[in-house]
Amino acid sequence: MKKLSYLLMLFGAFAFASCENGSEAVNYDVDEETALEESRGGDYSYDGEVAEDAQEGTEESVIEEPAVEESEVEEPVVDEETTGSSYTENANGLDIKMVYVEGGRFTMGASDESLKGRALPDEFPVHNVTLSSFYIGECEVTQEQWEKVMGTTLTEQGEGSEDYDDYGVGNNRPMYYVSWDEANRFCERLSELTGKHYTLPTEAQWEYAARGGKHSNGYTYSGSNNLRDVAWYSVNTLGQEYYAHDVKTKKANELGLYDMSGNVFEWCSDWYGKYSANDSETVNPTGALTGTHRVLRGGSWNYVDRDCRVSYRSYQKPEGRYNIVGFRVVCSVDEE
């Protein structure tokens, strides 16, 4: 891995913070698509020096987080009804815990807990969504799990990417350098191995699970209003730990799901598209019918807090491999 100086890391973190409120000053009347891209950051290949959000900071918008001591990781207190139907997928020795998510109705988009004034335009309009029950991976697919199903290592995947470098290698670290197409192929192969129906989560399934489903406490991030408790992101990876970390080393959310904020971005099955006023009441939505980019959710180890919120949306080309993008899987619930 490239050796990064602490001073450069420090500059990057301040610049990250500087741009967090930048979306409020964007002129969307000029060119909405360009402005949205600029406010988001857009570049999903970390170059080993200063990450993408460090490009457009302004001194007056720097946000200082309160000093909070990181607490020890604790198992979440979860109602037994939530975990009663969960199971562990042991095909090929994968040991993927699948958490049962009881279906229900929720408010999707930049609702009250999304940090007022910091949401991007594509998080609106807020709308109601009803989902059927499903299972979702307790954590992001790890490098070991990927290799057991697909047969390639992180290094082999990364060597096919421009400016390859590793940003955390280990059996329990999340897999990255995986395109949407390859993540979808993983789901197909896992389905063939098990006889179950595995897929990438829809964007609605992802957000509902990140919010805690029917057990949601209305947090800004997945599992807490204090991002340090639940995520690896630009502030607590600063310095010598500026990379993806082992999964399940932060607190879980209300459903017992880990790393839905931070660590690595996660592919969703949907084509990226704007929310519509016609979305005011939808059932099991699957996103835009066509598109050029696939949805990404959750933020990553080198992104700021704004981008780790449960309603934050992003996207990338499905054929690309990125060093901060991974995925988790969902499985359908058999209807009796």
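Taking amide H positions as modeled 1.01 Å from N, with prolines and chain starts lacking one, the residues under 5 Å from T220 and 5 or more places away or on another chain are N225. Each label was represented as a point 7 Å from its Cα along the Cα-to-Cβ direction; for V333 and Y87 these points are 1.4 nm apart.
So what's the net charge close to N171: Lys and Arg +1, Asp and Glu -1, counting the other residues with Cβ under 11 Å from its Cβ?
Summing Lys/Arg as +1 and Asp/Glu as -1 gives -2.
Based on protein heavy atoms only, region 174-268 ends up with 28 Å² per residue of surface accessible to a 1.4 Å probe.
Binning the alpha carbon pair distances of region 170-264 at 10 angstrom intervals from zero yields the distribution 16, 37, 37, 11, 0, expressed in whole percent. Distance between the 7 Å Cα→Cβ label points at V169 and N217: 3.9 nm.
Please report, as a whole percent, how much of the solvent-accessible surface of region 127-268 comes from carbon and sulfur atoms (probe radius 1.4 Å).
About 37 percent, which is the carbon plus sulfur part of the accessible surface.
Starting from the Cα gyration tensor of region 242-326, take the square roots of the eigenvalues, sort them a ≥ b ≥ c, and report rounded, prolate or oblate (rounded when a/c is under 1.5, otherwise prolate if a/b is larger than b/c, else oblate). Since a/c reaches 1.5 but b/c is at least a/b, the shape of region 242-326 is classed as oblate. Scalar couplings 3J(HN,Hα) for region 317-333, obtained by applying the Karplus form with A = 6.51, B = -1.76, C = 1.60 to θ = phi - 60°, are 5, x, 8, x, 9, 10, 7, 10, 10, x, 5, 10, 10, 10, 9, 6, 9 Hz; x denotes Gly and Pro. Residues whose amide H comes within less than 5 Å of that of E89, counting only those at least five positions distant or on another chain, are I96, K97, M98 (H built at 1.01 Å from N in the peptide plane).
For a test of the definition: using alpha carbon positions, the gyration tensor, and the 1.5 limit on a/c, classify region 140-222 as rounded, prolate or oblate.
Oblate.
Across the cross-link table entries K251/K274; K97/K274; K97/K148, which are compared at the Cα atoms, the separations over 24 Å belong to K251/K274; K97/K274. Spin-label model, S280 to T292: label points 7 Å out along the Cα-to-beta-carbon direction sit 3.2 nm apart.
The values are calculated or read from the model by the stated rules, or taken from the named source; none is laboratory data. Note that the structure is a prediction, hence the values are computed from the model and not measured. Don't worry about glycine lacking a Cβ; one is built from the backbone with ideal geometry, like all the others, and counts go over all protein chains shown. Keep in mind that these areas ignore ligands, DNA and RNA; they rest on the heavy atoms of the full protein, side chains included. Shrake-Rupley method; radii C 1.70, N 1.55, O 1.52, S 1.80 Å.
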